[in-house]
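Structure record follows, encoded as structure tokens.
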Amino acid sequence: QVQLVESGGGLVQPGGSLRLSCTASGIIFRLFGMGWYRQAPGKQRELVARIGSGGSIIYEDSVKGRFTISRDNAKNTAYLQMDSLKPEDTSVYYCSADYAIRRYWGQGTQVTVSS
């Protein structure tokens, strides 16, 4: 049974930081690309950042220079370090694991940026 468990969301003031974690079980973690997506109310889910199995990284334009994605294959965990947070970053953040035609999702974690 595949499980992706996110943690680290919460309420933070503008300019603050949060670190999201996604721990996977039931998959050969090192083979999977790991992505972070977000979905705000009334909007489509969008890719925020993705790190491939070989370490290649892509970011959505609005988070470049503020967010950093990483992975620790020994811990089966992917991370999203979010700095200089803005109110428009408020969303539910989802972790995703992909390999070929397979894609798995976590349950999501709420990030709220507000003063």
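Report in % the part of the accessible area of the chain that belongs to carbon and sulfur, leaving out ligands and nucleic acids; probe 1.4 Å.
Carbon and sulfur together cover 47 percent of it.
Could you provide, to the nearest whole Å², the per residue accessible area of the chain with probe 1.4 Å?
53 Å²
Comparing G52, G35, G16, which has the greatest mean-square fluctuation in the GNM of the chain with Cα pairs linked when under 10 Å apart?
Comparing G52, G35, G16 in the GNM, the peak value goes to G16.
How big is the dipole moment of the chain about its Cα centre under a simple scheme where the beta carbon of each Lys and Arg is +1, that of each Asp and Glu is -1, and everything else is neutral? Debye, nearest 20, please.
220 debye
Could you check which residue among D61, D89, D98 shows the biggest mean-square fluctuation in a GNM of the chain with a 10 Å Cα cutoff?
Per the Cα network of the chain with a 10 Å cutoff, D61 tops the list.
Please give the net charge around V92, taking every other residue with its beta carbon less than 11 angstrom from that of V92, where Lys and Arg add +1 and Asp and Glu add -1.
So the surrounding residues net to +2.
Taking θ as phi - 60°, what are the ³J(HN,Hα) couplings along region 54-70 by the Karplus curve (6.51, -1.76, 1.60), each to the nearest whole Hz, with x for Gly and Pro?
Ordered by residue, 3J(HN,Hα) equals x, x, 5, 10, 10, 10, 5, 4, 6, 10, 4, x, 10, 10, 9, 9, 8 Hz.
Give me the net charge of G16's neighbourhood, meaning all other residues with Cβ under 13 Å from the Cβ of G16; Lys, Arg count +1, Asp, Glu -1.
+1
Applying the Karplus parametrisation 6.51 cos²θ - 1.76 cosθ + 1.60 with θ = phi - 60° to the phi angles of region 3-10, what ³J(HN,Hα) value in whole Hz is obtained for each residue in order, glycine and proline being reported as x?
In residue order, the calculated couplings are 9, 10, 10, 8, 8, x, x, x Hz.
Roughly what would the spin-label model give for E46 and R19, points 7 Å off Cα along C-beta, in nm?
2.6 nm
Once the dipole of the chain is set up with Lys and Arg at +1 and Asp and Glu at -1 on Cβ about the Cα centre, which of A40, G8, G26 lies farthest towards its positive end?
The residue sitting farthest along the positive end of the dipole is G26.
Antiparallel DSSP bridges in the chain: what percent, to the nearest 5?
95 percent
The values are calculated or read from the model by the stated rules, or taken from the named source; none is laboratory data. As the structure is a computational prediction, the values presented were derived from the model and not from experiment. Backbone-built Cβ (ideal geometry, glycine too); neighbour counts: all protein chains shown. Heads up: the accessible areas ignore ligands, DNA and RNA and are worked out on the full protein's heavy atoms, side chains in. Shrake-Rupley method; radii C 1.70, N 1.55, O 1.52, S 1.80 Å.
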